[in-house]
Every structure is written in structure tokens, then in C-alpha cells.
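Q: A single structure is presented below for examination.
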Amino acid sequence: MGSVLLIVPEERELRRLSDLLGDAAIVLSASLSRTERYRNYLLAIGGSKKLVIGTRSAIFASPSDLRTLIVFREISESLYEPRTPGWNVRDLSLMRSANEGLDLYFAGYSPSSEIAKLIEEEKIKFVSKRSRLKVTNHPSVNGELLPGRIFTSIRTALKSGPVLFLVPRKGYASSLMCKKCRNIALCECGGKLSKSGGNETANCMHCGVKANLHKCKWCGADSMVLLGRGAERHAEEIGRAFPGFPVLYSNAQKPIESQDGQPALVISTTGMVPRVVNGYSAVILLEGDSFFSFADLRAQERARESFFEAASHVSAKGEIVTVIDSAHPITAALTQWNPATMAARELSDRKEVGLPPFTRAVLLETESKDATGIIAGIRKAVFDQRLPSSVLALGPSQSSGDLSRILLTCDISQSDIFLKFLHEFLRHRAITKKSKIFLRVDPYALSS
């Protein structure tokens with residue numbers, strides 16, 4: 001037996017864990033004062049058989065007799081360091097396990113594609129608690145929030161306890177559209193206008209400026225309609241559909257920690273589900289297609305984890321209802337409580353099109369005037385065989401202001417040569433005092 005280091009992605013999860021363990025755990029977190037953090041650090045490295053818990057930066061803690069390393073929800077973006085050099089907890093934990101001989105455990109609701117690849121290669125053993133859950137599917141035919149047949153399930157569940165509704169978006173409406181000319185309402189800066197509340201004025205999603213929008217600036221009509229239901233609008237519509245029950249809304253800005261178990265309508269965004277001692281009588285996963293339709297690379301992973309995390313709050317006799325296309329595999333995965341099949345399918349799709357984790361991705365951000373020249377230089381290096389033939393340069397695309405973004409990918413088996421070339425490239429730019437380039441290897445998302 002030795003010390004144990006447990007990493008969680010969010011302060012909320014760390015606080016819950018700390019309350020549960022009390023004085024048995026040493027907490028390392030950026031939310032502590034400098035004095036508390038330093039005291040806990042000394043306690044962590046000075047004793048033996050310690051339990052150390054913390055958020056992202058706690059991965060660097062080194063108790064003298066560290067034996068076990070546990071990472072919870074390695075899929076989370078919060079475990080990616082946004083500042084240079086941009087490490088992530090998953091990769092560091094794998095390195096520490098290999099170099100220090102630690103027992104490494106990844107715990108969570110669904111694995112990332114990187115971990116799924118290691119499972120497929122049998123470098124990590126996949127352990128899952130199989131069970132059969134009561135899961136039903138009610139697809140939305142005409143875009144309605146609650147399909148007709150779902151009302152019976154909700155009313156039955158409300159007789160015995162609270163019902164949880166998981167929704168994909170916060171706010172009230174993600175955009176506004178003119179009913180006459182069908183144009184989307186835009187701010188002067190070009191950003192979309194959205195609404196954060198039913199009685200709130202529209203505001204720009206980019207610059208934050210409020211706009212008293214009464215007429216369409218394209219055709220002059222005064223018939224604006226709301227697009228993309230947000231969580232607050234969900235709460236409003238669901239409350240009207242089931243009068244007489246309290247409506248609770250939990251999000252990142254105003255989280256609700258727990259619910260008393262009495263019949264209620266609980267609307268929550270991802271990761272903000274209030275705890276109920278005996279679980280929810282029913283968990284309704286609304287607008288399932290919206291969860292899976294985001295454009296970034298991690299959308300499928302994130303949606304899969306969101307569904308499994310929310311479904312884990314159902315009571316032993318409760319029901320899980322998915323509002324998604326009936327052919328979608330998430331319903332079957334939840335029924336068997338097994339995300340592995342979906343993860344394997346996504347892995348196969350990524351391999352076919354040459355996306356991470358089968359390729360090494362590098363994101364470059366540079367001044368727009370230099371972007372075209374950098375891409376031309378990379379392509380010439382491939383042509384001259386100074387770079388592997390698998391290297392692709394995509395872009396440039398506008399980032400912000402006068403900055404442009406370039407995406408470089410390379411087959412994982414040739415990535416060492418690729419990264420050494422980039423290192424020399426950056427070193428040469430620094431020596432010649434050219435403009436700086438922001439570089440991120442294997443970022444959380446390829447679009448940011």
C-alpha cells in the first residue's frame with residue numbers, strides 16, 4: 001500500500017469529494033489560498049499512505065510513496081491546460097504511470113477516443129459494470145419539445161418523485177430570425193443576436209452589446225421568431241405542460257447542489273444535475289440530436305458522456321427516455337449501460353478519415369500576413385521529403401482580429417520527425433526575430 005492521487009476535472013466535483021472524505025483527504029486546488037495550498041502540498045509530499053485529491057494541476061503532486069493514480073472523467077476539457085505548453089492530464093498520467101511504475105485507473109462514464117484506442121490495442125483493460133436499464137425512445141417528429149407519447153411516462157414518474165430533464169443549451173434562445181424574409185438577426189459586429197431570458201433584450205454573442213430589436217433590419221418586418229430553445233425556455237414550456245409542480249433550473253451560473261426527492265420538474269444543463277438521495281423517477285434526455293450535432297471533433301464524445309452521466313442519476317426502478325432519432329445507437333448503449341460499442345464505431349470512423357488519435361494534430365495561430373507563407377513552406381518541406389508524406393496543412397482560417405489559424409496533421413507513427421521539424425522551425429523564427437506563433441500539440445478541439 002502507498003499513497004493515492006485522485007484527479008477530478010471540476011471544482012464542484014472536488015468539493016463534493018472533499019465533503020465526503022473529510023480529513024481523510026488532502027486537497028490541492030487553485031481555489032485554496034496560497035497558504036492553504038502550500039500547507040497541503042507539504043502534507044502531500046511529506047507523509048506516507050496519503051489520499052491526495054485535486055483538480056488539473058494536482059497531477060504534478062509527488063507523494064514519496066505514491067502507488068496509485070486515478071483520473072476521473074479524463075474526457076473533460078477542464079483537464080486540458082489552456083496556457084502554454086498546453087499539456088493534458090491524460091497524457092501526463094500515462095507518462096507518470098510508465099516512468100514511475102504507478103497503478104493507473106481512468107474512471108468515468110464514457111472513454112475518450114484516445115483511451116478507446118488504447119483499449120482496442122489492449123494496452124488498457126476496460127472494466128464495465130453491465131446492467132439492463134429501462135430505456136424508451138420517443139423521437140420528435142415535427143420539432144416539438146415533448147413528443148405526445150412522452151407525457152404518460154412523465155406523469156407516472158411525477159407520482160413517485162422528481163423528473164430530470166437534460167437540455168443541450170443554456171439561456172433562452174440561441175438566435176432570432178425574421179419570420180418574413182428568414183434572415184438571422186445580426187449585430188453591427190457581425191455576431192448573432194440571442195436572448196438569455198424571456199423578458200430580456202437581445203444581445204450579441206460576440207461583443208455582448210444589447211440590441212432593442214423590434215424590426216428586421218433587412219426587410220423592416222416586425223415579426224421576429226426565436227430559434228434554438230435554451231434551458232430557460234425549456235423550463236418555461238415544461239412548467240406550462242405540467243402545472244402544479246415546482247420547476248427547478250440548474251446551470252453553471254446558478255447550480256443546485258441537491259433536491260429533496262419530492263415530485264418536481266428539474267431542468268439541467270450538462271454536468272449540473274442536482275443530487276437526489278434515491279435518484280430521479282425518470283430522466284428525460286431532450287433534443288438528443290442537438291447534443292450530437294455540434295461541429296467540433298469532441299462532440300460525439302461529449303454527448304455520449306453527457307447522456308451516461310445524466311442517466312446515472314435515475315433511481316433503481318426509474319425510466320430513462322431519449323428524445324432522439326429511433327435509429328441512433330445511444331438508446332441501445334444506455335439500455336445495456338455500455339458505451340464501448342459507440343466508442344469503437346467512432347474510432348473506426350476517425351481512422352478511416354485520418355483524424356486523431358490516429359494522427360498527431362498541431363494547431364498554429366499566427367498573423368494573417370504570414371499564414372500563407374507558412375503553409376507554402378510546410379508543403380514544400382513535404383515535397384522535398386524533409387517532412388513525412390503524411391503531413392497535411394489545412395487552412396488558413398480566420399481566428400480573431402488579424403490572426404489566422406493553421407491545422408497540421410501527421411500520421412502518429414511519423415509524428416516524432418514532424419514535431420522535431422516544428423521545433424526547429426520555431427527556433428529559427430525566434431532567432432530571426434519574426435512574429436511569434438502560438439502552437440498547440442493535440443489540442444482538445446481542432447477548431448480552437
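Q: Among (1) touching a residue at least 12 places away in the same chain (Cβ under 8 Å); (2) closer than 23 Å to His328 by Cβ, where does Phe106 come up short?
A: With (1) touching a residue at least 12 places away in the same chain (Cβ under 8 Å); (2) closer than 23 Å to His328 by Cβ applied to Phe106, the lone miss is (2).
Q: If I filter the stretch 390-430 down to residues being basic (Lys, Arg) and surrounded by 12 or more Cβ atoms within 10 Å (Cβ to Cβ), which single residue comes out as farthest from Val362 (Cα to Cα)?
A: That would be Arg429.
Q: Give the stretch 306-324 a look and list any residue that's over 20 Å from the mean Cα position of the chain (by Cα), acidic (Asp, Glu) and within 19 Å of Arg169 (Cβ to Cβ), or say none.
A: Of everything in the stretch 306-324, nothing turns out to be over 20 Å from the mean Cα position of the chain (by Cα), acidic (Asp, Glu) and within 19 Å of Arg169 (Cβ to Cβ).
So that you can scan it fast, the table gives a plain yes or no per residue for (1) of a type in the set (Val, Ile, Thr); (2) out of contact with any His (no Cβ under 9 Å at 6 or more places or on another chain); (3) within 30 Å of Ser113 (Cα to Cα); (4) part of a loop (DSSP other than H, G, I, E, B):
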position	(1), (2), (3), (4)
Leu20	no, yes, no, no
Ala30	no, yes, yes, yes
Arg39	no, yes, no, no
Ala44	no, yes, no, no
Thr68	yes, yes, yes, no
Pro82	no, yes, yes, yes
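A quick yes/no check of all residues on (1) polar (S, T, N, Q); (2) surrounded by 20 or more Cβ atoms within 10 Å (Cβ to Cβ):
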{"residue": "Gly244", "(1), (2)": "no, no"}
{"residue": "Ser250", "(1), (2)": "yes, yes"}
{"residue": "Lys254", "(1), (2)": "no, no"}
{"residue": "Gln259", "(1), (2)": "yes, yes"}
{"residue": "Pro263", "(1), (2)": "no, no"}
{"residue": "Gly271", "(1), (2)": "no, yes"}
{"residue": "Pro274", "(1), (2)": "no, no"}
{"residue": "Phe292", "(1), (2)": "no, no"}
{"residue": "Leu297", "(1), (2)": "no, no"}
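Q: Pairs only if they're at least six apart or on different chains, beta carbon under 6 angstrom, first in the stretch 333-352 and acidic (Asp, Glu), second surrounded by 15 or more Cβ atoms within 10 Å (Cβ to Cβ) and not in a loop (DSSP other than H, G, I, E, B); list them, first residue then second.
A: Glu346/Gln300
Q: Give the residue, chosen from Arg96, Arg67, Arg73, that is surrounded by 15 or more Cβ atoms within 10 Å (Cβ to Cβ), within 23 Å of Arg345 (Cα to Cα) and either more than 23 Å from the chain's Cα centre (by Cα) or at pLDDT 95 or above (or both).
A: Every option except Arg73 fails the conditions.
Q: From the set of residues in the stretch 178-227 that are assigned to a strand (DSSP E or B) and over 25 Å from Gly401 (Cα atoms), which is modelled with the highest pLDDT?
A: It comes out as Cys178.
The values are calculated or read from the model by the stated rules, or taken from the named source; none is laboratory data. Nothing here was measured: the structure is a model prediction, and the numbers come from that model. Note: ideal-geometry Cβ built from the backbone for every residue, glycine included; neighbour counts use all protein chains shown.
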